Amino acid sequence: MRYYPVNLDLHDQLVVIIGGGAVAARKARRLVSAGARLRVVAPRLDDRLAALAADASLTHVARGYLPGDLEGALLAFAATDDAALNLAVAAEAKERGILIDIVDAPRQSGFTTPALLERGDLLITASTAGASPALSRRIIGELEPLFGEEYAEAVTLLGAVREKILTEKGGSAYNERVFAELAALDLPALIKNGQRDAIDQILLKLSASGSPGPDGAEKKDPS
């Protein structure tokens, strides 16, 4: 395995993109969605980047790259059409200990971004370690029909139930059992088919049966 998969919390973290073209625009859309403080350094911007700058979703530094532009960044992207310039940006990132994605040189990058299918908080990614981004996108395209918007609602519901169970501080054995039962349910199918009453009954039974009593013992399912 060449890369270690990880989810990063970029909320209010500075991310810098050097370059203002189509590739930079694709990176920017995800970064803004993830809550990053985005700075784009480029003489000109792709129309999509210009729209993000116009609504203050990013800060545009309207000039070419200068050493020091990465200061304070958690992540950086070298996304120009000049390979030598991208390597110069990468050199600054390495000197500052900043992870960088060099869009035209994935093997020299500190990280790469995979193809992505997003359904609310459900993220499904595909990566070929930079060998074939087109194949990664094709795989995601094949998965899209299998995972509709019902998965976004299902993940939200499961997250709310999990938070409630953990807040109530049930015993670990009880929690593990309930989490396993929740994971085994086909909530997306129930949601897609409009079976709201069935979902309510299942969740009610899970919350009522087996919940720890005052002495820590589990209650028996009255049914």
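No lab work stands behind these numbers, since they all come straight from the coordinates. As the structure is a computational prediction, the values presented were derived from the model and not from experiment.
Considering the chain as a Gaussian network with a 10 Å cut-off on Cα pairs, which listed residue, Val61, Val89, Val40, attains the greatest mean-square fluctuation?
In the Gaussian network model the winner is Val61.
Would you give the gap between the C-alpha center of the stretch 20-75 and the C-alpha center of the stretch 113-151, rounded to a whole Å?
24 Å
Restricting to bridges with both residues inside the chain, how much of the DSSP beta-bridge set is antiparallel, in percent to the nearest 5?
Working: 6 of 23 bridges.
Around 25 percent antiparallel, to the nearest 5.
Give the average over all directions of the projected area of the C-alpha convex hull of the stretch 1-55, one decimal, in nm². All intermediate terms of the calculation are to be shown ahead of the outcome.
Numbers: hull surface 17.6 nm².
The orientation-averaged projected area of the Cα hull of the stretch 1-55 comes to 4.4 nm².
Given H placed on each backbone N at 1.01 Å, which residues far from Leu75 in sequence or on other chains put an amide H within less than 5 Å of it?
Close amide H contacts, sequence-distant or interchain: Val16.
What is the set of long-range amide H partners of Thr59 at a cut-off below 5 Å, with H atoms built 1.01 Å from backbone N?
Placed amide hydrogens put Leu38, Arg39, Val40 under 5 Å from Thr59.
Can you give the % of DSSP beta bridges in the stretch 56-128 that are antiparallel, to the nearest 5? Working shown, then result.
Numbers: 5 of 9 bridges.
Bridges in the stretch 56-128 are about 55 percent antiparallel.
Over 10 Å intervals from 0, what percent of Cα-Cα pairs in the stretch 1-107 sits in each interval?
So the P(r) values, bin by bin, are 16, 51, 30, 3, 0.
Lysine pairs, Cα distance under 19 Å, 8 or more residues apart or cross-chain: how many in the chain?
Working: Lys164/Lys205; Lys164/Lys219; Lys169/Lys205; Lys169/Lys219; Lys169/Lys220; Lys205/Lys219; Lys205/Lys220.
Summing the qualifying lysine pairs gives 7.
In the stretch 66-182, what percentage of the DSSP-assigned beta bridges are antiparallel, given to the nearest 5?
Working: 5 of 9 bridges.
Of all bridge pairs located within the stretch 66-182, approximately 55 percent are antiparallel.
What helices in the chain pass both tests, a Cα length along the helix axis of 24 Å or more and a mean Kyte hydropathy of 0.0 or higher, using whole DSSP H runs?
Details: long enough: 150-167 (26 Å, 0.43).
Qualifying helices, which must be both long enough and hydrophobic enough, are 150-167.
Report which label in [x] -0.63; [y] -0.72; [z] -0.79 holds the value of log10 I(q)/I(0) by the Debye sum over Cα atoms at q = 0.12 Å⁻¹ derived from the coordinates of this structure.
So the structure-derived entry is [z].
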